[in-house]
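*Asks:* The structure follows.
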Amino acid sequence: MNSRPLGIVDERRFLDGGGAMGALIRGHDWAATPLGPPEGWPAPLRTAVRLMLTTNHPMFLFWGPRGICLYNDAYSRSLGPEKHPAILGMSAREAWQEIWPIIGPQIELVMRGDGATWAENALVPIDRHGRREDVYWTYGYSPLDDPTAASGVGGVLVLCTETTEQVLMAGRLRAAEQRWRQLFQQAPGFVCVLRGREHEFEFANPAYFTLVGRDDIVGHTVDTVMPWARDQGFTALLDGVYATGHAHVALSAPIVMPARDGEPASTRYLDFVYQPLRNAQGGIDGIFVLGSDVTERQQAIDALRESERRLRLAKEAADLGIHDYDVRADRIELDARGRSLWGVAEDEPFTYEVFEAGLHPDDVAPTRAQVERALDPAGDGRYEAEYRVVHRVDRRTRWVQATGRVSLVDGQPVRLVGTVLDITERKLADARRTEFLATLGHELRNPLGPIANSLQVLKRQPGLPEPVQKAHAVIDRQLRHMVRLLEDLLDVVRVTSGRIELRPEPVALAEVVKLALEAAAPQVERGGHAVEVRAPADPVFVSADPVRLSQVFSNLVINASKYSDAGSRIEVAIERADDGAVAVRVVDQGIGIEPAYLPRVFDMFSQAEPSLSRSQGGLGVGLSLAKGLTELHGGSIDVRSAGLGRGSEFVVRLPVLGDAALAVGSGSAPPLTAGPLSGRRVLVVDDNRDAALSLASLLELDAATVSVAGDGVEALRLAQPGLFDVVLLDIGLPGLNGYEVCRALRARDGGADLRVLALTGWGQAEDRAHTRAAGFNGHLVKPIDYDELVRAIATPSALPSATP
């Protein structure tokens, strides 16, 4: 039973509740402070304290001439261990020494009775968590009336909200927007943003100004700026996009530009996209325009077509053979050029039977059908056929194009007169062109694969509207040099938004560094740099996601290469530290970093200002990404430089995995968040490492368990029976190709149950037939439709086997 007298209990009832801070206030030795025991506190203070303890809003009180500090649970969350709960009962000046120059005058103003104060998103740095932090607050200081005080004010009531995250996020968004605007300004194609039903210019880049011949268009409508474009139907196209929400894509669209600057009117040809922009409610409120002036390309195409037409006419004039088929006499008159194709002597009768006997067996039936169609009195009498002729003597096969017209007498066909043309070279050229186009398509799809995968990840970031994702896709097609920058940017977004889930495992740090150097090799080789690697004789193991950790080191090596003179040396050293950690040092002989810039090196979109001769572009996210990934691994990253022209050193520190942890398998992957591919075990096999790793990252976001192999041999080594549900297999692998790997997998025990999908740049009908024959369950062409791939993995029946 509480032995305190009933009167005292009632006097302290205003301190009831308040959670942890309520308990601390009730247990505090207030007799040792100027306030004295709570039973003697004045009524205004009691009321304010009661209000503070019963609200969930952050609240702080300064009471009396010394500003004795009291606060509630909600406010305590903004304090670090240095202040909470130490400042409870402390004087204001003593508790807030570091910011007293900022808040002291405000407190004194209120205590003098001169009114209240208000600040919104104000920077008030405080000491917490061992360092001085920039903290932003929205707060107000209000007087607490006390008739016994000299000024009539006994204390200050502080209502506040920490807004640090909102302020920093707004700053990052502004920086990102500014960066994208700069990129659009520098884009080689024309770009503009139109708003509203009247299509008012909100933004346009210099290339657009050049296109329309003026730079004062922002704030004006399309019809006002370009009435000549309205008259040619372009405003109607914009109206259609705005009304339907469907994008409009045009290739080599002609537009007549009016006379200007003394030059006559001219026709230009444009490739462009009208992409609708949606607002937060999903409605259309604007149109994004991106395009290029391709007049020179179109003129070259037209000239080429005309040249090809003339060449074809000249060749036909020289090589044409003439045939005259007398239907009733079953006799064909064929000139010397035609007879040379069949190998028939000039004096030998040439009947329809001889004609068919010279045809390739596979072409007899279709050619006969063409002849019969032409001879049908109900038809148009036109004869057109292509067939192969096998020379009677040398057995060489030639391709022939035949044309003709049928003459009728009394409604019946009597003669078929026309030409034969040797088109063997054209057929061979077509075959070579087909093969070239197939190869080109394959080679283009391979780099497009990882781009498409990365953009899929970007689309799935919260808060990115669909039109922005589509605009990114268009930009990537026009600005290929932005691909790697976007991939890095996506990773930074995932790190900062907590979307990356590491799959840690015990790994040898030297192997991770080796993986990173392989990824950085193209950049290093372009710069002609020599990379020197030093590592301890005994392997150093860490618990890490090898793919993500290798990204850290590859970004550091690429950064060193970008800002170093050609042919200079880059050092990568792995060193054990005395504190149980391991340090990886990346040292270059490059341009160095100014001391004033060192604290901002790891900021997103931050870049030093190297000379133009050494600048290689970039969004300035690589080092920010390296920092984020390092910290996710429980490590730290630091930078050192003696100044401009004296090189740089980046040091990554990571905790070493001890023997005991290795023995029990420390570092096993945490369970993934449930997703459409949860529980699916997938092996991605692709010699394009960017493609493989980006696809793996994308699948992991949907909770698949993913492993990666770089060639067929490694795939067969990893794909032991029962370890995987699905194998995503590239065809053009070094060593063993995809067909051979698939057949080998099928030949194993349980191989018939394994689902094998071809992910390849080859997409022709014969390519699909080859994968079907090799035993693949499906054939997907790069860049893949990711939603289709998810359906194929998650619900196999959604993708028909080897769809042609």
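The values are calculated or read from the model by the stated rules, or taken from the named source; none is laboratory data. Treat the numbers as computed from the prediction; the structure is a model and nothing was measured. Because the Cβ atoms are built from the backbone with ideal geometry, glycine has one as well, and the counts that use them run over all protein chains shown. Please note that ligands, DNA and RNA were not included when accessible areas were found on the heavy atoms of the full protein model with its side chains. Shrake-Rupley method; radii C 1.70, N 1.55, O 1.52, S 1.80 Å.
*Asks:* Suppose we filter V420, V409 for residues that are open to solvent by 50 Å² or more (accessible area, probe 1.4 Å) and of a type in the set (V, I, T); which single one remains? Working first, answer last.
*Replies:* Working: V420 fails: open to solvent by 50 Å² or more (accessible area, probe 1.4 Å).
Step by step, each of V420, V409 is checked, and only V409 is open to solvent by 50 Å² or more (accessible area, probe 1.4 Å) and of a type in the set (V, I, T).
*Asks:* Separate question: Output the number of the condition that E346 fails; it satisfies all remaining conditions of (1) in contact with a Lys or Arg (Cβ under 8 Å, 6 or more places away or on another chain); (2) modelled with pLDDT of 90 or more; (3) under 15 Å from H323 (Cα atoms).
*Replies:* Of everything listed in (1) in contact with a Lys or Arg (Cβ under 8 Å, 6 or more places away or on another chain); (2) modelled with pLDDT of 90 or more; (3) under 15 Å from H323 (Cα atoms), E346 misses just condition (2).
*Asks:* Same structure again: Residue under question is L657, and the condition is that it be modelled with pLDDT under 85 and either in a strand (DSSP E or B) or hydrophobic (A, V, I, L, M, F, W, C) (or both); does it hold? It would help to see each step written out before you state the result.
*Replies:* Working: modelled with pLDDT under 85: yes; either in a strand (DSSP E or B) or hydrophobic (A, V, I, L, M, F, W, C) (or both): yes.
For L657, the condition - modelled with pLDDT under 85 and either in a strand (DSSP E or B) or hydrophobic (A, V, I, L, M, F, W, C) (or both) - is met.
*Asks:* How about the range 1-109: which helices (runs of 4 or more DSSP H) wholly inside it have at least 2 residues that are touching a Cys at 6+ places or on another chain (Cβ under 9 Å)? Reasoning before the result, please.
*Replies:* Working: elements: 6-11, 19-27, 43-53, 73-76, 92-95.
Correct list: 92-95.
*Asks:* Residue by residue through the range 126-137, note down the ones that are of a type outside the set (F, W, Y) and either open to solvent by 30 Å² or more (accessible area, probe 1.4 Å) or in a strand (DSSP E or B) (or both).
*Replies:* I126, D127, R128, H129, G130, R131, R132, E133, D134
*Asks:* So, D730, is that one surrounded by fewer than 23 Cβ atoms within 10 Å (Cβ to Cβ) and of a type outside the set (F, W, Y) or not? Before you say what the answer is, go through the steps one by one.
*Replies:* Details: surrounded by fewer than 23 Cβ atoms within 10 Å (Cβ to Cβ): no; of a type outside the set (F, W, Y): yes.
No.
*Asks:* Any residue at all in the range 564-579 that's closer than 14 Å to G622 by Cβ, in contact with a helix residue (DSSP H, G or I) (Cβ under 7 Å, 6 or more places away or on another chain) and not in a strand (DSSP E or B)? Write out each step before concluding.
*Replies:* First, pick out the residues of the range 564-579 that are closer than 14 Å to G622 by Cβ: none.
No: zero hits.
*Asks:* Which members of the range 760-778 meet the condition of being touching a strand residue (DSSP E or B) at 6+ places or on another chain (Cβ under 6 Å) and open to solvent by 10 Å² or more (accessible area, probe 1.4 Å)? Steps first, answer last, please.
*Replies:* Applying the first criterion (touching a strand residue (DSSP E or B) at 6+ places or on another chain (Cβ under 6 Å)) to the range 760-778 yields 763, 768, 771, 776-778.
Residues satisfying the conditions are G763, R768, N777.
*Asks:* Exactly one of these conditions fails for G245: (1) surrounded by fewer than 19 Cβ atoms within 10 Å (Cβ to Cβ); (2) at pLDDT below 90; (3) within 21 Å of F288 (Cβ to Cβ). Give me its number.
*Replies:* Unmet for G245, out of (1) surrounded by fewer than 19 Cβ atoms within 10 Å (Cβ to Cβ); (2) at pLDDT below 90; (3) within 21 Å of F288 (Cβ to Cβ): (2).
*Asks:* Additional query: Please list, ordered by first then second residue, the pairs with beta carbon atoms under 6 Å, 6 or more apart or interchain, first in the range 503-520 and of a type outside the set (K, R), second open to solvent by 50 Å² or more (accessible area, probe 1.4 Å) and part of a helix (DSSP H, G or I).
*Replies:* P506/L662
*Asks:* Also: With respect to the numbered conditions (1) under 37 Å from the mean Cα position of the chain (by Cα); (2) farther than 30 Å from R195 by Cβ; (3) of a type in the set (K, R), which one is the sole condition not fulfilled by R309?
*Replies:* R309 satisfies all of (1) under 37 Å from the mean Cα position of the chain (by Cα); (2) farther than 30 Å from R195 by Cβ; (3) of a type in the set (K, R) except (1).
*Asks:* A follow-up question, please. Go through the range 222-231 and give me each residue that's surrounded by 15 or more Cβ atoms within 10 Å (Cβ to Cβ) and in contact with a strand residue (DSSP E or B) (Cβ under 9 Å, 6 or more places away or on another chain).
*Replies:* V222, V225, A229
*Asks:* Within the bounds of the range 548-562, is there any residue that is in contact (Cβ under 8 Å) with a residue 12 or more places away in the chain and assigned to a loop (DSSP other than H, G, I, E, B)? Talk me through it step by step, then tell me what you get.
*Replies:* Taking the range 548-562 and keeping what is in contact (Cβ under 8 Å) with a residue 12 or more places away in the chain, we get 548-562.
From what is left, the residues that are assigned to a loop (DSSP other than H, G, I, E, B) are none.
Looking for residues that are in contact (Cβ under 8 Å) with a residue 12 or more places away in the chain and assigned to a loop (DSSP other than H, G, I, E, B), one finds none in the range 548-562, hence no.
*Asks:* Going by the structure shown, is G22 under 30 Å from E133 (Cα atoms), of a type outside the set (D, E, K, R) and open to solvent by less than 50 Å² (accessible area, probe 1.4 Å)? Working first, answer last.
*Replies:* Details: under 30 Å from E133 (Cα atoms): yes; of a type outside the set (D, E, K, R): yes; open to solvent by less than 50 Å² (accessible area, probe 1.4 Å): yes.
Yes; evaluated as a whole, the condition is true for this residue.
*Asks:* Pull out all pairs, ordered by first then second residue, where Cβ-Cβ is under 8 Å, the residues are six or more apart or on different chains, the first lies in the range 88-115 and is more than 15 Å from I68 (Cα to Cα), and the second is open to solvent by less than 70 Å² (accessible area, probe 1.4 Å) and part of a helix (DSSP H, G or I).
*Replies:* Partner pairs satisfying both residue conditions: G115/L109.
*Asks:* Can you tell me which residue within the range 272-295, out of those that are at pLDDT below 90 and loosely packed, with under 11 Cβ neighbours inside 10 Å, is nearest to T244 (Cα to Cα)?
*Replies:* G282
*Asks:* Now for a separate question. Do we have D687 as surrounded by fewer than 19 Cβ atoms within 10 Å (Cβ to Cβ) and at pLDDT 85 or above here? Spell out how you get there, then give the answer.
*Replies:* Details: surrounded by fewer than 19 Cβ atoms within 10 Å (Cβ to Cβ): yes; at pLDDT 85 or above: yes.
Yes: the conditions hold for D687.
*Asks:* Further, regarding this structure: Which residues, taken from the range 748-759, are of a type outside the set (D, E, K, R) and either at negative phi or open to solvent by less than 10 Å² (accessible area, probe 1.4 Å) (or both)? It would help to see each step written out before you state the result.
*Replies:* At the first step, the residues of the range 748-759 found to be of a type outside the set (D, E, K, R) are 750-752, 754, 756-759.
Across the range 748-759, the qualifying residues are G751, A752, L754, V756, L757, A758, L759.
*Asks:* Follow-up. Kindly list, by first and then second residue, each pair from a residue in the range 528-544 that is among the polar types (S, T, N, Q) to a residue that is at pLDDT 90 or above, limited to pairs with Cβ atoms under 7 Å and residues at least 6 apart or on different chains.
*Replies:* The qualifying pairs are S543/P506.
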